[in-house]
Amino acid sequence: MRKTTPEFRSSQLSRMAVSAVVHGLLLSWVMIVSGFGAAVVGLRMDYYFLTCPFVDQVIKNTVFNALQADPTLAAGLVRMHFHDCFIEGCDASVLIDSTKDNTAEKDSPANLSLRGYEIIDVAKRQLEAHCPGVVSCADIVAMAARDAVFFSGGPVYDIPKGRKDGRRSKIMDTINLPAPTFNASQLTRTFGLHGFTAQEMVALSGAHTLGVARCSSFKQRLSNFDSTHNVDPSIDAIFAKTLMGTCSRGDNAEQPFDMTRNNFDNAYFNALLNKAGVLTSDQTLSTSEATMGVVKAYAMNQAIFFLDFQQAMVKMGMLDVKEGAQGEVRSDCRRINN
Ligand code: HEM
């Protein structure tokens, strides 16, 4: 993460203000042109304007403070939003703790390395103090991901609010998350089921500009890969040695997706072009004919990546959202209301 001097902070905030206007206009245009606004009539940019006017500031400050202490948590917040939205829609189902009668999503192997739950708890506690029972956990997750992208140097964008929290969180539902062993056509199919194009899928995968994968997520590429190769031939030979070095420290050893794990930039796409993608699902984006053009464009032009990423994130944040009586506003993000 960049240095966070007061000058940095105020320049970030003024950059934010200008960009927020530009992107607000852009977003309205995107929603009109793409037509997906119709499916989520109840979500509004100013949803909390009267009921909790400081919601944005509270979440921004909470995320900012958390990232000052540990910049690696930006990745956790962005991934949390994705895993929330792809299962049961963006309804904070991922935050619910297991009980003696129910094993929740967060205890699925696919979610065990999710990070940042405490940041959501801190924001929720403050919001409950200011405006009890008003701001949903699902909106907090979506806004925290937005702010994590921004504070890591990524695009600024705003999102419509008004999601309600769900009451279902079951481990079995997480089977629908894409696997790191997927190839480009499997990824395209999985994202297509949620209404995304292949280009949007590539843009969203660009979230891997932040964070790390553990050895257990990619070690199948390093030995007994297939009947003719011991090591996945799509990995650069020197990078394969780097991955093996990481795995020599155990299944939980972490490998950054690119050279700048806390900076939101297009280094991830350049890594793919250099055959230095960490997961099969990363590298396949540059080896598949259907997606390699998009990877090249994003590697060459960060601005195009940022634009596509923010639009795809807004779209992802609207997946199967619950509105009105379809959900509730949890008072504790980890538990459904009684
Ligand atoms: C395209 C399909 C995707 C697959 C197969 C996938 C899979 C994975 C895997 C296996 C990890 C590492 C987990 C671990 O080893 O602990 C990971 C990390 C991550 N994923 Fe994805 N992912 C995908 C798409 C996305 C999307 C769409 C986003 C967000 C918009 C995202 C955000 C992240 C982030 C930020 C991390 C790093 C987390 C951290 O450092 O804590 N991923 N992903």
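List of remarks:
- Close pairs from region 74-102: first within 18 Å of ILE59 (Cβ to Cβ), partner among the basic types (Lys, Arg) and within 10 Å of the ligand (Cβ to nearest atom), Cβ under 7 Å, at least 6 apart: GLY76/ARG115
- Helices (runs of 4 or more DSSP H) lying entirely in region 236-338 (those with 1 or more residues that are touching a Pro at 6+ places or on another chain (Cβ under 6 Å) and either assigned by TED's automatic domain parsing to the domain that holds LEU210 or touching a residue at least 60 places away in the same chain (Cβ under 8 Å) (or both)): 280-287, 302-316
- Of the residues examined, LEU43 is not one that is at pLDDT 50 or above, surrounded by 14 or more Cβ atoms within 10 Å (Cβ to Cβ) and within 16 Å of the ligand (Cβ to nearest atom).
- Candidates MET244, MET316 - the one that is in contact with a Leu (Cβ under 7 Å, 6 or more places away or on another chain) and within 30 Å of ARG125 (Cα to Cα): MET316
- Residue within region 193-201 that is farther than 18 Å from THR181 by Cβ, small (Gly, Ala, Ser) and either near the ligand (Cβ under 10 Å from one of its atoms) or buried (at least 16 other Cβ atoms within 10 Å of the Cβ) (or both) present: yes
Let's see how each residue does on (1) more than 8 Å from the ligand (Cβ to nearest atom); (2) at positive phi; (3) polar (S, T, N, Q); (4) touching a residue at least 40 places away in the same chain (Cβ under 8 Å):
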| position | (1), (2), (3), (4) |
| --- | --- |
| VAL156 | yes, no, no, yes |
| ARG168 | yes, no, no, yes |
| THR174 | yes, no, yes, yes |
| PRO180 | no, no, no, yes |
| THR188 | yes, no, yes, yes |
| LEU210 | no, no, no, yes |
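- HIS229 passes every criterion in (1) buried (at least 22 other Cβ atoms within 10 Å of the Cβ); (2) assigned to a loop (DSSP other than H, G, I, E, B) apart from (1).
- Among the residues of region 167-175, not a single one is surrounded by fewer than 21 Cβ atoms within 10 Å (Cβ to Cβ), out of contact with any strand residue (DSSP E or B) (no Cβ under 9 Å at 6 or more places or on another chain), β-branched (Val, Ile, Thr) and within 21 Å of GLY327 (Cβ to Cβ).
- Subset of region 46-89 [more than 11 Å from the ligand (Cβ to nearest atom), in contact with a strand residue (DSSP E or B) (Cβ under 9 Å, 6 or more places away or on another chain) and of a type in the set (Gly, Ala, Ser)]: GLY89
The values are calculated or read from the model by the stated rules, or taken from the named source; none is laboratory data. None of these values were measured; they are calculated from a predicted model. Positions of Cβ are backbone-derived with ideal geometry, glycine not excepted, and every protein chain shown enters the neighbour counts.
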